[in-house]
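Visitor: This is the structure I want to talk about, given as structure tokens.
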Amino acid sequence: MNWLLVVLGAMVGAPLRYLTDRAVQARHDSLFPWGTFVVNATGCLVLGLLTGAASAGAADPRLQLLLGTGLCGALTTYSTFSYETLRLTEAGSGLYAAVNVVASVGAGLAAAFAGVSLADTLWA
């Protein structure tokens, strides 16, 4: 039964990632991969919030499987982040590649910490 929760979450997360990426990227005339940046930071925020809620006893383990492993696992994408960073480097945009790495890791960590902090505020 647990695997079904993961599959259901992923069935929402994967198309959401694709559609969000396309919508965000269509609004920017830039080589920088804004769509992937947004979905990864958003996924980190949701996962941080879920982790904080679980630590406070407010999130059921099944919800963690559905939203954490399923939704966030399919929404966020380390492989696309890596590919786009490599593509930027190969295109001669080393500065964009470096900014992508630093900003993505920084924003992801900040979003995860913000999610945990928000959960602590809501369920403390």
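The values are calculated or read from the model by the stated rules, or taken from the named source; none is laboratory data. On a predicted model such as this, the values are computed, not experimentally measured, just so you know. Neighbour counts are summed over all protein chains in view; Cβ atoms, including those assigned to glycine, are modelled from backbone coordinates with ideal geometry. Calculation scope for accessible area: heavy atoms of the full protein, side chains included, ligands and nucleic acids excluded. Shrake-Rupley method; radii C 1.70, N 1.55, O 1.52, S 1.80 Å.
A quick yes/no check of all residues on (1) within 17 Å of the chain's Cα centre (by Cα); (2) surrounded by 15 or more Cβ atoms within 10 Å (Cβ to Cβ):
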position: Ser30; (1), (2): no, no
position: Pro33; (1), (2): yes, yes
position: Gly43; (1), (2): yes, yes
position: Ala54; (1), (2): no, yes
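Visitor: Let me ask something else. Against the conditions (1) among the small types (Gly, Ala, Ser); (2) more than 30 Å from Met1 (Cα to Cα); (3) touching a residue at least 24 places away in the same chain (Cβ under 8 Å), where does Gly92 fall short? Just the number, please.
Guide: (3)
Visitor: Only residues that are open to solvent by 50 Å² or more (accessible area, probe 1.4 Å), assigned to a helix (DSSP H, G or I) and in contact (Cβ under 8 Å) with a residue 12 or more places away in the chain: list them for segment 56-65, please.
Guide: Matches in segment 56-65: Arg62, Leu63, Gln64.
Visitor: Quick one: count up the residues across segment 74-113 that are of a type outside the set (S, T, N, Q), closer than 17 Å to Val39 by Cα, touching a helix residue (DSSP H, G or I) at 6+ places or on another chain (Cβ under 9 Å) and open to solvent by less than 50 Å² (accessible area, probe 1.4 Å).
Guide: 9
Visitor: Restricting attention to segment 1-28, report how many residues are over 26 Å from Tyr96 (Cα atoms) and crowded, with 16+ Cβ neighbours inside 10 Å.
Guide: Qualifying residue count, segment 1-28: 5.
Visitor: Please enumerate the residues belonging to segment 85-120 that are of a type outside the set (A, V, I, L, M) and over 15 Å from the mean Cα position of the chain (by Cα).
Guide: Passing the criteria: Thr85, Arg87, Thr89, Glu90, Gly92, Ser93, Gly94, Tyr96, Ser117, Asp120.
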